[in-house]
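Enquirer: Quick one: the structure is below, and I'll ask about it shortly.
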Amino acid sequence: MAFSKDFLWGGAVAGNQYEGGFQEGGRGLSTLDVLTGGGYRKPRMVTYRTKEGIYGESPVDSSMTGKIPQGAVGCIRPDTFYPSHMATDFYHHYKEDIALFAEMGFNCFRMSVSWSRICPNGMYEINEEGLKFYDQVFDELLQYGIEPVVTINHFEMPLYLADHLDGWSSREVIDYFVFYARTVLERYKDKVKYWMTFNEINVLSGWCQLGIHKNDPQTLYQAHHHIFVASAKVVELGHEINPDFKIGMMAAVIPSYPMTCRPEDVMEAVRFNRAREFYMDVQVKGYYPSYKLKEFEREHVRIHMEPGDLEIIQKGTVDFIGFSYYMSTVSTTDPDAEQTEGNQFMAFKNPYLKTSDWGWTVDPLGLRIVLSQIYDRYHVPLFIVENGLGANDEIETDGSVIDDYRIAYLRDHIMAMKQAVELDGVEVMGYTPWGCIDIVSAGTGEMKKRYGFIYVERYDDGTGDFSRRKKRSFDWYRKVIASNGEDLSDCN
Ligand code: BG6
């Protein structure tokens, strides 16, 4: 058997995309609450109000880099639909959803805790009702033997911190975040063992994700430095609270191949891949790598550090690397190379590979390649915490959803993961496909872009009764888990 007996099989979601209940149970507002829906090549919008009281909206680009003018505050407009407000209403359906996950045989479930549900304005006020909600969710999971895998921060920040402190550009936010993290680590120390600090730390940018009003390299990297310090402090603190905690980092892994063997293309791929490796170097090895320091010099980026920051970063290295893997791209110096959509950025088209309905390049072998490369470089356990196919699922007249394309995508990726374990000796802890139940797309704000094994009747015009139905992939994944990844055959 390729996978160990305690291999973690489950699924993954994020608060702002599935939880809903945005104004229930004392929750405060978060930056993502003022993000409208969008669509394929139709940007989501941030809605805001200026100092003069004038409403405005501004587009969020594919990297979710929303911008609002200095002095303006994020606001909800009464005439506008915000998909995350109800999302897929896990807030009221969690018992039903967890029962379905248990039926599939999940032994883990990756979810995030909402900062503004615990600390409504992001500061030192604690919302007991918010804590109780997650107590109930964790208890429900544990009753079925499902381990929660918790992301402490998935792409959002309390609106108050963005509006009043310019988000992560302020050093004070480190203390607020550590307070929030301490609150959840202590509260759930006997219920949750697996944690990740920041989702896809390597792509965080702009107002929606970081609360910053400028997105130039100086502002961005200063904000990232604050996040590194905050994360390292939380890792150290977590290990003090419970030495059995496994606390990981989380990165978006989108490997890039050189388009040709021209050394310039190869160098371009090195540059592209380093943009991700930088975050792993800091959080796993515990230092700022020389190639990044040189880049800072060239770009005139000066990170303000307090005495002791580098020691904090060094001491707070993570126990494992969690990462998302959906696609690969290619690197080229050719300005006319054909582009295609990508996860939070425009990618280049690989002539040897197909793309999904949303233009993302499908590359299962790429998963084996990155697993090997990351493991060789860092020698820590790896956890694939996101992988999946966003597709336009249809309900047939008999009520079924036949998502064979999703089965094929996941089968090929699980096969590649298996090869990395069996043939390359990579230590993989677990696999949690993304959006195991349909959720709102982060990039497009759509419900139409579905990833789940479970279909949720919720649509982009705000209609739908939130009822759940199993897709064909539901039984397939149940069989995969029951056989510990040995039986990947179709259920026909
Ligand atoms: C990852 C994010 O980048 O990709 C998720 O961590 C996101 O939040 C996922 O949902 C898929 O992207 P999208 O845009 O299809 O939802």
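Enquirer: Taking the Cα centre of the chain as the origin, how large is its charge dipole in debye, to the nearest 20, when only Lys and Arg (+1) and Asp and Glu (-1) carry charge on their Cβ atoms?
Expert: Approximately 460 debye in magnitude.
Enquirer: Could I ask something else about it? Can you tell me, using C-alpha contacts under 8 Å and at least 6 residues apart, the relative contact order of the chain as a whole percent? The partial results should precede the final answer.
Expert: Values: 1075 pairs, mean separation 85.6, N = 492.
RCO, the chain: 17 percent.
Enquirer: Counting heavy atoms of the protein chains only and a 1.4 Å probe, report the per residue accessible area for region 173-254 as a whole number of Å².
Expert: With all protein chains present, region 173-254 gives 27 Å² per residue.
Enquirer: For region 103-176, what is the Kirkwood hydrodynamic radius in Å, using each pair of distinct C-alpha atoms?
Expert: In region 103-176 this quantity evaluates to 13.7 Å.
Enquirer: Hey, another quick one. Expressed as a whole percentage, what fraction of the accessible surface of the chain belongs to carbon and sulfur atoms when a 1.4 Å probe is rolled over the protein heavy atoms?
Expert: 51 percent
Enquirer: Students often get this wrong, so check it: of Lys193/Lys471; Lys285/Lys349; Lys132/Lys193; Lys67/Lys292; Lys214/Lys449; Lys67/Lys132, which have C-alpha atoms separated by over 24 Å?
Expert: Lys193/Lys471; Lys285/Lys349; Lys67/Lys292; Lys214/Lys449; Lys67/Lys132
Enquirer: For the chain, give the share of DSSP beta bridges that are antiparallel, in percent and rounded to the nearest 5; count only bridges with both residues there.
Expert: So the antiparallel bridges amount to about 35 percent of the total.
Enquirer: Then there's this: Give me the three principal axis extents of region 187-263 from the C-alpha atoms, as integers in angstrom, largest value leading.
Expert: Between the extreme Cα coordinates on each principal axis of region 187-263 lie 52, 35, 18 Å.
Enquirer: How large is the Kirkwood hydrodynamic radius of region 101-230, in angstrom, based on all distinct alpha carbon pairs?
Expert: Over region 101-230, the inverse of the mean reciprocal pair distance is 15.3 Å.
Enquirer: Right, here's the next one. Would you kindly compute the Cα radius of gyration of region 242-331 and its largest Cα-Cα separation (Dmax), both in Å?
Expert: Radius of gyration, then largest Cα-Cα span, for region 242-331: 15.7, 51 Å.
Enquirer: Counting pairs of alpha carbon atoms under 8 Å apart in space and at least six apart in sequence, what relative contact order in percent does region 242-351 give?
Expert: Answer for region 242-351 is 39 percent.
Enquirer: Using a 1.4 Å probe on the protein heavy atoms only, what accessible surface does His93 show? Give it in Å² to the nearest 10.
Expert: Taking all protein chains as shown, His93 has close to 30 Å².
Enquirer: Here's another thing I want to ask about it. Quick one: grab the alpha carbon gyration tensor of region 22-84, order the square roots of its eigenvalues as a ≥ b ≥ c, and give me rounded if a/c is under 1.5, else prolate or oblate depending on whether a/b is larger than b/c.
Expert: In terms of gyration-tensor shape, oblate.
Enquirer: Could you work out the relative contact order of region 1-143? I mean the mean sequence separation of Cα pairs under 8 Å and 6+ apart, divided by the number of residues, in percent. Numbers along the way, then the final one.
Expert: Working: 215 pairs, mean separation 47.8, N = 143.
Result for region 1-143 is 33 percent.
Enquirer: Any idea which of Cys108, Met157, Phe296 is furthest toward the positive side of the dipole for region 8-482, if Lys and Arg beta-carbons carry +1 and Asp and Glu beta-carbons -1?
Expert: Phe296
Enquirer: So what's the net charge close to Lys315: Lys and Arg +1, Asp and Glu -1, counting the other residues with Cβ under 12 Å from its Cβ?
Expert: Net charge in that neighbourhood comes out at -3.
Enquirer: In a solvent-free Debye calculation with one equal scatterer on each Cα, what is log10 I(q)/I(0) for the chain at q = 0.13 Å⁻¹, listed in the order of the q values?
Expert: -1.34
Enquirer: Hey, another quick one. Taking the highest mean first, how do the peptides 350-358, 383-391 order by number of other beta carbon atoms within 10 angstrom per residue?
Expert: 383-391, 350-358
Enquirer: When only DSSP loop residues count, what chymotrypsin sites (Phe, Trp or Tyr not before Pro) in region 1-88 have their Cβ near at most 13 other Cβ atoms within 10 Å?
Expert: Taking region 1-88 and a limit of 13 other Cβ atoms within 10 Å, the loop chymotrypsin sites (Phe, Trp or Tyr not before Pro) found are Phe81.
Enquirer: Using the charge dipole of the chain (Lys, Arg: +1 at Cβ; Asp, Glu: -1 at Cβ; taken about the Cα centre), state which of Cys436, Ala99, Ile395 has its Cα farthest towards the positive end.
Expert: Positive-end residue among those listed: Cys436.
Enquirer: Moving on to the next point. So which trypsin sites (Lys or Arg not before Pro) in region 68-119 are both in a DSSP loop and have at most 14 other Cβ atoms within 10 Å of their Cβ?
Expert: The qualifying sites: there are none.
Enquirer: To the nearest 10 Å², what's Cys208's accessible area with a 1.4 Å probe?
Expert: Counting only protein heavy atoms, the figure is 0 Å².
The values are calculated or read from the model by the stated rules, or taken from the named source; none is laboratory data. These numbers come from a predicted model, not from an experiment. Every residue, glycine among them, receives a Cβ derived from its backbone with ideal geometry; neighbour counts consider all protein chains shown. Side chains included, ligands, DNA and RNA excluded: accessible areas come from the protein's heavy atoms. Shrake-Rupley method; radii C 1.70, N 1.55, O 1.52, S 1.80 Å.
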